[in-house]
Amino acid sequence: MRQDAAELHRVLSHLLRVFQFRDRDRICCHDISVTQCYALEGLVVDGGMTLNQLAARLYLDKSTTSRVVDALVAKGYAVRRPHPDDGRAVLVAATADGRRLHARVEGDLLAGVEGIAAQFDPDVRRAMAELLARLVQAGAERIDAGGGSCRMRCG
């Protein structure tokens, strides 16, 4: 098991580096950072949400998420609105310009994935997507259960 885990870790680490570079390389052409892009994606896909909800979705702290949102608001891609049920909270939502930008970025990224996926048979593509979805779910569950917090694990 230890050897299998070590090999999986090595491959996943390399995969993440390759795709992070690809994302950075393609997203920078759209005048936003990768983190801003991930935040915008969350606002477009999941709809408006509180800063805390967005921070949890991005696995970032609230202050970092606030700075990311500030940048999106300054560029006209997101807006902050009063929360209808909680006077202390603010809802963050994508603007029409933000939704259009997300569609352009996603189209650009999907074109790259299509080129990679075309090298595999349809059954293999579907199996890869299913396996990666299961890995994401298992990793997210570990983080949600406190396994992602250094303070909780290290003392």
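When the range 50-86 is filtered for residues that are outside any loop (DSSP other than H, G, I, E, B), over 20 Å from Ile27 (Cα atoms), open to solvent by 30 Å² or more (accessible area, probe 1.4 Å) and touching a strand residue (DSSP E or B) at 6+ places or on another chain (Cβ under 7 Å), the ones remaining, listed by number, are Val79, Arg80, Arg81, Pro82. Scanning the range 103-155 for residues that are under 21 Å from Leu8 (Cα atoms) and not in a helix (DSSP H, G or I), we see that the one that is modelled with the lowest pLDDT is Gly148. If you filter the range 87-120 down to residues that are within 19 Å of Thr50 (Cα to Cα) and without any contact (Cβ under 8 Å) to a residue 24 or more places away in the chain, you find that the one that is most open to solvent (accessible area, probe 1.4 Å) is Arg88. The number of residues in the range 19-40 that are open to solvent by 70 Å² or more (accessible area, probe 1.4 Å) and not hydrophobic (A, V, I, L, M, F, W, C) comes to 6. Taking each residue of the range 9-37 that is more than 23 Å from Gly98 (Cβ to Cβ) and looking for partners that are of a type in the set (A, V, I, L, M, F, W, C) and in a helix (DSSP H, G or I) with beta-carbon atoms closer than 8 Å, six or more apart or interchain, yields Leu12/Leu135. Can you tell me which residue in the range 10-45 is farthest from the chain's Cα centre (by Cα), limited to those that are acidic (Asp, Glu) and in a helix (DSSP H, G or I)? If we take residues in the range 10-45 being acidic (Asp, Glu) and in a helix (DSSP H, G or I), then Asp25 is farthest from the chain's Cα centre (by Cα).
The values are calculated or read from the model by the stated rules, or taken from the named source; none is laboratory data. Treat the numbers as computed from the prediction; the structure is a model and nothing was measured. Note: ideal-geometry Cβ built from the backbone for every residue, glycine included; neighbour counts use all protein chains shown. Calculation scope for accessible area: heavy atoms of the full protein, side chains included, ligands and nucleic acids excluded. Shrake-Rupley method; radii C 1.70, N 1.55, O 1.52, S 1.80 Å.
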